[in-house]
Amino acid sequence: MPRTHSSHQLIESIHRSGLIPPRRRVLVGVSGGPDSTALLVAMNELGIDLVAAHFDHALRAGSEQVAEQVRALCSRLGVPLVAGRRVEPLPHGSVQAGARALRYEFLEKARTQSGAELVALAHTADDVVEGAVMHLMRGCGLAGLRGMPVRRAAYVRPMLAVWRSEVVEFLEQRGIIAYQDPANADLKFFRARVRHEILPALERDRPGIGRRFYAAAMRASTMQEALEQDAGVVVGAGTQNRSDVARMPEALAAEVMRALYARAGGLQPGLSRAHLAAMLRLVRGGAGGRGVDLPGGLRFRIVGSYMEVFAPPAVNGPAASRPRLEVKSCPGCRDSNAVHMRYGERLHVGFRKPGLRMRPSRGSGSRKLQDILVDARVPREERDSWPLVFAGDRLAWVPGIAVDADLEPIAGEPFLHVAISPMPDYWGPKVARLGTPNSPRGESS
């Protein structure tokens, strides 16, 4: 059957998106519905090296029949298929959010298994409009107004300039009948109400408003992409100074927070407006050393003027990750990760407990361990997991920070080279050292 203008339009829109580089393998997420079916067929006609991926959420009776329809279509097109079916309970929360989380987890595994560089998703211009309206009704910024990004990491959406009516005509021209998910018409879901009630009512009152929403979303997308690029430059340059970010416009500062979260391994999108607001409050005022718990077991904190997103350490982690003590005789060296001590009681590694004190080298008098850690700007979250070296029951060395003055070696006497492996992750330029001499008394340190 000859292709009509709409048929050409859909394929040309995918080609013009520029999201699919030549000679690259692409994984296409195929639910069995009209949009993803059209994407699979169109990309196959474009001659792209494809692998299809279908995930059966097993949320309603007969879902396995949809999986079989997808399998038959892929077989007819000659496209390999990676299929999966949910066998575990949905995560706590909304059904849609839980299903989405499992779907993306499956797609990531399928991408690795198939050797695909990209994952193509079949969202359309209608999805952009619906998403923008939903976010506006909840309250949003630029990121929400754009509806959804054209690309995020390995995931691309080459049909964002294609309207649902064009998808329907494209499939009709090929005699393909796609699965119609009843959830898309179930008005208990917010998106379904926007699609079937709110947008049609707006369109009746203001004909063409859907296209105008789309144009506004595209402008917001361009502005949001520029913000994300600027934030990427800031974070890539290592600008994690609190005062620098505090002076930024709020939109850019928020993107810097998102970029820090992503760099620490946080999944995108992962931060809510409440998370971002709490992070920016810490940036713009109050003392450092506090933090904000973030999704994925991560935490945002400010110590002094330094900001970071990190995974809090576990004190009782696997034995292989626990600190080990290395002790040997040493004629004298300048290993910045070790200290020299005089021979004495047997050394061992432990952790913080009530009542610990030390007389730090080059300090004045005995001090509480708590005060030593605070002055060294060790974050509260790190203090319980910071390894300590004891000589018998006596605190001998706080690695990277202070050594007991009574255990410093004396020139001319034999001494020990003492090191911890691995050193605390946070140890380094962010921690203020209170004096950890690497040379025996009588030599320059």
| note | Of (1) assigned to a loop (DSSP other than H, G, I, E, B); (2) at pLDDT 90 or above, ALA226 fails just (1)
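Just wondering, is there one or more residues in the stretch 28-39 that are in a helix (DSSP H, G or I), within 16 Å of ALA122 (Cα to Cα) and among the charged types (D, E, K, R)? Can you show your working first?
Here is the first cut: in the stretch 28-39, the residues in a helix (DSSP H, G or I) are 34-39.
This time we only want the ones that are within 16 Å of ALA122 (Cα to Cα), so: 34-39.
Applying the additional criterion that residues be among the charged types (D, E, K, R) yields 35.
Scanning the stretch 28-39, I find at least one residue that is in a helix (DSSP H, G or I), within 16 Å of ALA122 (Cα to Cα) and among the charged types (D, E, K, R), so the answer is yes.
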| task | Taking the residues in the stretch 63-99 that are assigned to a helix (DSSP H, G or I) and basic (Lys, Arg) as candidates, determine which candidate is surrounded by the fewest Cβ atoms within 10 Å (Cβ to Cβ). | result | ARG76
| message | So if I check each of GLU203, GLU197, GLU166, which one is in a helix (DSSP H, G or I) and within 25 Å of LEU73 (Cα to Cα)? | response | GLU166
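Which one of ALA192, ALA99, ALA185 is in contact (Cβ under 8 Å) with a residue 12 or more places away in the chain and not aromatic (Phe, Trp, Tyr)?
Numbers: ALA192 fails: in contact (Cβ under 8 Å) with a residue 12 or more places away in the chain; ALA185 fails: in contact (Cβ under 8 Å) with a residue 12 or more places away in the chain.
Among ALA192, ALA99, ALA185, only ALA99 is in contact (Cβ under 8 Å) with a residue 12 or more places away in the chain and not aromatic (Phe, Trp, Tyr).
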| said: Suppose we keep only residues that are aliphatic (A, V, I, L, M) and exposed (fewer than 15 other Cβ atoms within 10 Å of the Cβ) within the stretch 198-222. Which one would you say is farthest from GLY147 (Cα to Cα)? | reply: ALA201
| request: Being more than 19 Å from the chain's Cα centre (by Cα), farther than 25 Å from SER221 by Cα and buried (at least 16 other Cβ atoms within 10 Å of the Cβ) is the filter here, so list the residues in the stretch 100-142 that pass it. | output: ALA110, SER114, ALA116
| note | Of (1) touching a helix residue (DSSP H, G or I) at 6+ places or on another chain (Cβ under 6 Å); (2) open to solvent by 70 Å² or more (accessible area, probe 1.4 Å); (3) modelled with pLDDT under 85, SER305 satisfies every one except (2)
| remark: Checked the stretch 236-253 for anything touching a residue at least 60 places away in the same chain (Cβ under 8 Å) and open to solvent by less than 40 Å² (accessible area, probe 1.4 Å); matches are GLN240, ARG242, VAL245
| request: Select, from VAL256, VAL233, the only residue that is of a type in the set (Val, Ile, Thr), part of a helix (DSSP H, G or I) and crowded, with 16+ Cβ neighbours inside 10 Å. | output: VAL256
| request: Would you be able to say whether some residue in the stretch 174-182 is out of contact with any Phe, Trp or Tyr (no Cβ under 6 Å at 6 or more places or on another chain), free of Cβ contacts under 8 Å to residues at least 12 places away in the same chain and part of a helix (DSSP H, G or I)? | output: no
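The values are calculated or read from the model by the stated rules, or taken from the named source; none is laboratory data. Please read these numbers as outputs of a predicted model, since none were measured by experiment. Cβ coordinates were reconstructed from backbone atoms using ideal geometry, including for glycine residues, and neighbour counts include every protein chain displayed. Just the protein is used for accessible areas: all its heavy atoms, side chains included, with ligands, DNA and RNA removed. Shrake-Rupley method; radii C 1.70, N 1.55, O 1.52, S 1.80 Å.
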